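Written out below as C-alpha cells is the structure these notes cover.
The values are calculated or read from the model by the stated rules, or taken from the named source; none is laboratory data. Everything quoted here is computed from the prediction, not taken from an experiment. Note that each Cβ is placed from the backbone with ideal geometry, even for glycine, and that neighbours are counted across all protein chains shown.
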Amino acid sequence: MVAVILWGVGDVIYIIYDRLITPPFLLLNINDIFYTFGAFMAVLIAVEIFINIRLYLGTNVFPVQLVVATALMAIARKVIVLDFDTLTPMYLIGIAATTLALGITYWLLRQGNQYHDWDD
C-alpha cells in the first residue's frame, strides 16, 4: 500500500510537471486543475485505506466509521471529476443515491458513537 501511495504522489507530480511545461507555459486550464485534483484525491483515498488497514491489523477492530468516511471521500472524488458530457440521468441518480446513503450512514454512526461516549 505504501508503494501505491508513493506511486500516486509521483503521478500527481508528473501530471503537474507535464501540464506546466506544455504551451502555454506555466498555466493550467480548468480541466488540468480538475485532473490534478482528482489524482491528488486518489492519493488521499489511498492514505485513508492504508490507515484503515493499519488500524484493523493493530486492534482487530473493524473501523466502520472510518471505512464509511473513506467511501464518502471516494464518492466525493467521483462527483468532482464527473464528465457531464457523457453523463446519463440514471448514472447521476445512482451517484446521488450512493452519496445520500453514505451520508446518512456516517451520520447514524456518529450519533451512535455520541451516545456511546455518554455511557460511563
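Okay, here's what the table says:
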{"item": "Failed criterion for R19 (all others in (1) loosely packed, with under 14 Cβ neighbours inside 10 Å; (2) in contact with a Leu (Cβ under 6 Å, 6 or more places away or on another chain) hold)", "result": "(1)"}
{"item": "Qualifying residue in the stretch 34-52 (condition: within 27 Å of I5 (Cβ to Cβ), out of contact with any Ser or Thr (no Cβ under 9 Å at 6 or more places or on another chain) and not in a helix (DSSP H, G or I))", "result": "no"}
{"item": "Residue within the stretch 21-31 that is more than 13 Å from the chain's Cα centre (by Cα), over 26 Å from A96 (Cβ atoms), in a helix (DSSP H, G or I) and at pLDDT 85 or above present", "result": "yes"}
{"item": "Candidates A96, A39, A3 - the one that is out of contact with any helix residue (DSSP H, G or I) (no Cβ under 7 Å at 6 or more places or on another chain) and farther than 30 Å from N113 by Cα", "result": "A3"}
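Conditions (1) among the aromatic types (F, W, Y); (2) in contact with a helix residue (DSSP H, G or I) (Cβ under 7 Å, 6 or more places away or on another chain); (3) without any contact (Cβ under 8 Å) to a residue 24 or more places away in the chain, marked per residue:
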site: D11; (1), (2), (3): no, yes, no
site: Y14; (1), (2), (3): yes, no, yes
site: F25; (1), (2), (3): yes, no, yes
site: V43; (1), (2), (3): no, yes, no
site: V61; (1), (2), (3): no, no, yes
site: F84; (1), (2), (3): yes, no, yes
site: T88; (1), (2), (3): no, no, yes
site: Y91; (1), (2), (3): yes, no, yes
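For every residue, the table says whether it meets (1) at negative phi; (2) within 13 Å of the chain's Cα centre (by Cα); (3) surrounded by 14 or more Cβ atoms within 10 Å (Cβ to Cβ).
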position	(1), (2), (3)
L55	yes, no, yes
P63	yes, no, yes
L66	yes, yes, yes
L72	yes, yes, yes
T86	yes, no, no
P89	yes, no, no
L109	yes, no, yes
G112	yes, no, no
